[in-house]
Amino acid sequence: MFNLGSISTPSSNTGEAKHVKVLVLGSGPAGYSAALYAARAELQPVVLTGMQLGGQAALTYSIENYPGFPEGVGGAQLGELFQKQAEHFGAVTEFDLANAVDFSQRPFKVTTDNGEYTADVVIVSTGASSVELKVPGEKELTGRGVSYCATCDGWFFKDKQVVVVGGGDSALEEGLFLTRYASEVTIIHRREEFRAGAILQKRAKEHEKIKFILNTVVTEVVGREKVEALKLKNVKTGEESSFPTDGIFIFIGHTPNTQIFQGQLAMSELGFIKVNEKMETSVHGVFAAGEVADPHFRQVVTSAGMGAAAAIQATRYLEELEAN
Ligand code: NAP
């Protein structure tokens, strides 16, 4: 897994805020690409990992569309390479979570689980989190048959029957991954057409372990100690049914992790941070990159590109600041 060796101890145990030139919030492809570029500009960036070291990409079993890896690369492995490369040039990783920001004063103030930072530049790359179905039983049975991560939990479903909900790239990709363990994977999708790319659709449709239930939504997750069945509703006929299963993996999209920036940065109606083509947010000196600011592409390569762009622009911003 990731190299935790270079993680520094929280420096603010003294009660004083630690000042850094560039503070990167989030350790996914956008965060570590930003850190790499900022480190190479000798800005000694500090990366706060957030809850998930490596971001969502690290939870992906195999990434086949990140350039430079013709055979594909493990998500966790790629994340580790991103981290190593950034640290090689001087970036510092702190296993810490930002939980409040104050961008109304300079330097900017960021309060974390372990202390407080002030920063000349903040690069926000806090990514996105899985969307929940919001049906009865889902919350109660999370971790007991309800999952949002096939790479993390697939192993527990060896020779079992599981359901995947969704019709995008994630649902089909993760459904295919689950065939390694499960005896049968049923993909339940609310429409007939899939949002997923053609290659994934072909692979899933041709896979002997994968079945489909279309035009159908899950209305309840049923079980006492663990998932036992799902209540389903056909959206065309209105017909309701019960579907026995050992597990349900939910891949119905992602929502940006922007709660702590409410009222501080301009956001879209869906909660994505608004950035211009230079990754500048509504606050001069605060940049955003990756899925937190990208409702369109959400690829590892596009997030990494946004991170690099944010750091390049941040470097120019700091040069201007120093010149004045
Ligand atoms: P997505 O593309 O937004 O797909 C979400 C799916 O969930 C859609 O099929 C949607 O149905 C369905 N859905 C949404 N809300 C639902 C609800 N309440 N109940 C039932 N179904 C619901 O999300 P994603 O698959 O996580 O992909 C996110 C982004 O990451 C995309 O840009 C994708 O291309 C990218 N990605 C790429 C790869 C890859 O290239 N290998 C892998 C993973 C993700 P509708 O279709 O009816 O709206």
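The values are calculated or read from the model by the stated rules, or taken from the named source; none is laboratory data. Worth saying up front: this structure is predicted, and the values here are computed from it rather than measured. Neighbour counts are summed over all protein chains in view; Cβ atoms, including those assigned to glycine, are modelled from backbone coordinates with ideal geometry. Accessible surface areas use protein heavy atoms only, side chains included; no ligands, DNA or RNA. Shrake-Rupley method; radii C 1.70, N 1.55, O 1.52, S 1.80 Å.
Segment 57-134 and segment 190-226 have Cα centres lying 31 Å from one another. Heavy-atom surface analysis with a 1.4 Å probe gives the chain a carbon and sulfur content of 51 percent of its accessible area. For segment 88-143, GluC sites (Glu not before Pro) are listed when DSSP marks them as loop and at most 15 other Cβ atoms sit within 10 Å of their Cβ; the list is GLU132, GLU140. If you run the Gaussian network model on the chain, springs between alpha carbon atoms under 10 Å, then out of ARG195, ARG224, ARG203 the most flexible one is ARG224. Counting 0.36 nm for each residue step from LYS202 to HIS19 and taking away their Cα separation leaves a gain of 60.7 nm.
In this rough spin-label picture, where each label sits 7 Å from Cα along the Cβ direction, the ASN65-GLU228 distance is 4.1 nm. Which residues in segment 12-52 place their backbone N less than 14 Å from a point set 7 Å from the Cα of ASP113 along the Cα-to-Cβ direction? In segment 12-52, the label zone of ASP113 (backbone N under 14 Å from the point 7 Å along Cα→Cβ) covers 26-27, 48-52. Summary value for the chain: 20 percent relative contact order, contacts being C-alpha pairs under 8 angstrom separated by 6+ residues. Label-to-label distance for ARG144 and MET51 is 2.0 nm, based on points extended 7 Å past Cα in the beta-carbon direction. Evaluating 6.51 cos²θ - 1.76 cosθ + 1.60 at θ = phi - 60° for every residue in segment 228-244, the Karplus couplings come out as 10, 7, 10, 8, 10, 9, 6, 6, 8, 9, x, 5, 10, 8, 10, 10, x Hz, glycine and proline recorded as x. Fully extending the segment from LEU81 to ALA323, taken as 0.36 nm per residue of separation minus the present Cα-Cα distance, adds 83.6 nm. In terms of overall dimensions, the chain has a Cα radius of gyration and Dmax of 21.2, 69 angstrom. For VAL20, the residues 5 or more places off, or on other chains, whose built amide H falls under 5 Å of its own are THR118, ALA119, ASP120. Computed from label points 7 Å out along Cα-Cβ, the spacing between CYS152 and LEU97 is 1.1 nm.
On the beta carbon distance between ARG106 and ARG195, with R0 = 41 Å, the FRET formula returns roughly 0.45.
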